1. Which residues, taken from the range 84-108, are within 25 Å of Gly50 (Cβ to Cβ) and of a type in the set (D, E, K, R)?
2. Test Arg107 against the criterion of being of a type outside the set (Val, Ile, Thr) and under 18 Å from Gly153 (Cα atoms), and give yes or no.
3. Give me the pairs, please: first residue somewhere in the range 79-93 and of a type in the set (Lys, Arg), second residue anywhere and surrounded by 14 or more Cβ atoms within 10 Å (Cβ to Cβ) and not in a strand (DSSP E or B), beta-carbon distance under 7 Å, and either six or more positions apart or on two chains.
Amino acid sequence: MNLPDDLEPQLRERLIGDRHWQRRLDRRRKPASYHLAVFVEPYLELLLAGEKTIESRFSARPVAPYRKVSAGDVVLVKKAAGRIVAVFEVGDVWSFDVVPGTVDAIRERFADGLCAQPGLWAKAATAHFATLMSVDRIRRILPLAIPKRDRRGWVVMRPTPV
């Protein structure tokens, strides 16, 4: 999915007054990688409240964000069937090829930060790949529309080709 041309100016406008985010979006060097992540409840509200400090994505195939997200990337938080309502910066990233024992190790180490609901571990048990990342500098923003019509829960945003 291409990064809409007007996205960064709209983000800057919504983040006025936040020195970190203003500097982050105004960098003259290589722009940050952007990701669009779709969240459902209760995870969205837990994330926005600052209780969920680790984001996870489990999958049967090696799809984004697996090995596509890095520390310092910017994640646009989109409500399922809604708009972008927040942004965060990726802190640490952990990628796993899931083998027997991996899910138990993830649960033991990250359960509190994940705010894991019972369904998470059932899904994780069938996964072959896992990506976890720490959520840094989350910031709510006024809702921002973005044209997304597919069902992917995570999309790497690429700059529009010139």
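1. Answer for the range 84-108, where residues must be within 25 Å of Gly50 (Cβ to Cβ) and of a type in the set (D, E, K, R): Glu89, Asp92, Arg107, Glu108.
2. no
3. Every condition considered, the pairs that remain are Lys79/Leu44.
Laboratory data are not the source of any read-out in this text; all were calculated from the coordinates shown. In this text, all values refer to a predicted model and were calculated from it rather than measured experimentally. Positions of Cβ are generated from backbone atoms using ideal geometry, with glycine treated the same way; all protein chains shown enter the neighbour counts.
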